[in-house]
Amino acid sequence: MRGRFITFEGGEGGGKSTQAALLAQHLRATGIGVLVTREPGGSPGAEIIRHVILSGAAKPLGADAETILFAAARDDHIRMTIEPALSAGTWVICDRFLDSTRVYQGLLGHVDRKLIRALERVVVGSLMPDLTFVMDVPAEVGLERAAGRRGNDNADRFESETIDFHEKLRRAFAALAKVDADRCVLIDAAQPREMIHDTIWKVVAERFGLAARIKVGAGGR
């Protein structure tokens, strides 16, 4: 049986990687094989492109060029990591996917929607996530978390944007979740992480019929 594909989206400091790891741990406790990955990155070629993008080296080339780089990274990621895992029956949890491109480069970077959709058709095709969690947190809170996470390291390409950019980012992700409500679930990411995980787990269990598995399996966390 083909695996399920779950993605986490949202602005900086929303706890995407933390909640992806907690969900993977919970799924593994029920006997489900899980792969946790990220974008940009998740495969050797994509990790190289990740460094180029997040270092800011591609920023002078403009939003269109960054969008094409993201698509190239995603193509390698899908072919080398995501698709093989799903075909083997493994569930894939990804920290960011195509919704980030739609928001960061599309809505905020003003890249032509036709270009983004064309790249999606070529790179992603029918490989849409089965479920997407949009982590919603006030911009100032998210940026403070991101600063604490990186310590003495410099802010990356997107963390270094203005507070106005991040407020617009938050609103754009919330709007996206509303438009695609069948796939996307908006999560209040300002809550304690265990409360957030409990909410996420309930959604996953109901969406994929895991309630019976929880009762007879290894339990939760």
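The values are calculated or read from the model by the stated rules, or taken from the named source; none is laboratory data. Quick caveat: nothing in here was measured; it's all calculated off a predicted structure. We place every Cβ from the backbone using ideal geometry, glycine too, and count neighbours over all the protein chains shown.
Worth pointing out:
- Residues that are of a type in the set (Gly, Ala, Ser) and either touching a Ser or Thr at 6+ places or on another chain (Cβ under 9 Å) or touching a residue at least 24 places away in the same chain (Cβ under 8 Å) (or both) number at least 3 in the following helices (runs of 4 or more DSSP H) confined to region 5-122: 16-29, 63-77.
- Residue list for region 54-71, restricted to those being under 27 Å from Gly15 (Cβ atoms) and either charged (D, E, K, R) or in contact with a helix residue (DSSP H, G or I) (Cβ under 6 Å, 6 or more places away or on another chain) (or both): Ala58, Lys59, Ala63, Glu66, Thr67, Leu69, Phe70, Ala71
- Residue list for region 96-116, filter: of a type in the set (Lys, Arg) and over 18 Å from the mean Cα position of the chain (by Cα): Arg113, Lys114
- Count - residues of region 79-94 that are under 17 Å from the mean Cα position of the chain (by Cα) and either surrounded by 22 or more Cβ atoms within 10 Å (Cβ to Cβ) or among the basic types (Lys, Arg) (or both): 5
- Selection status of Phe173, of a type in the set (Phe, Trp, Tyr) and either free of Cβ contacts under 8 Å to residues at least 40 places away in the same chain or closer than 18 Å to Ser17 by Cβ (or both): yes
- Residues of region 178-193 satisfying the condition of being within 11 Å of Leu131 (Cα to Cα) and of a type in the set (Gly, Ala, Ser): Ala181
- You will find that of Arg74, Arg50, the residue that is buried (at least 22 other Cβ atoms within 10 Å of the Cβ), within 23 Å of Gly14 (Cβ to Cβ) and not hydrophobic (A, V, I, L, M, F, W, C) is Arg74 and no other.
- Among the residues of region 182-213, just one is assigned to a helix (DSSP H, G or I), within 19 Å of Gly14 (Cα to Cα), in contact (Cβ under 8 Å) with a residue 24 or more places away in the chain and charged (D, E, K, R), namely Arg193.
- Matching residues, region 23-35, being surrounded by 18 or more Cβ atoms within 10 Å (Cβ to Cβ) and of a type in the set (A, V, I, L, M): Leu23, Ala24, Leu27, Ile32, Val34, Leu35
- Region 73-90 - residue that is of a type outside the set (Lys, Arg) and in contact with a helix residue (DSSP H, G or I) (Cβ under 6 Å, 6 or more places away or on another chain) and, of those, nearest to Ile49 (Cα to Cα): Ala73
- Selected residue (only one of Val141, Val134, Val111, Val124 is farther than 18 Å from Ala172 by Cβ and either of a type outside the set (Ser, Thr, Tyr) or at pLDDT below 95 (or both)): Val124
- Total residues in region 126-144, condition of a type in the set (Asp, Glu) and part of a strand (DSSP E or B): 1
- Here Gly42 fulfils each of the conditions (1) surrounded by fewer than 22 Cβ atoms within 10 Å (Cβ to Cβ); (2) within 28 Å of Glu194 (Cα to Cα); (3) among the small types (Gly, Ala, Ser) apart from (1).
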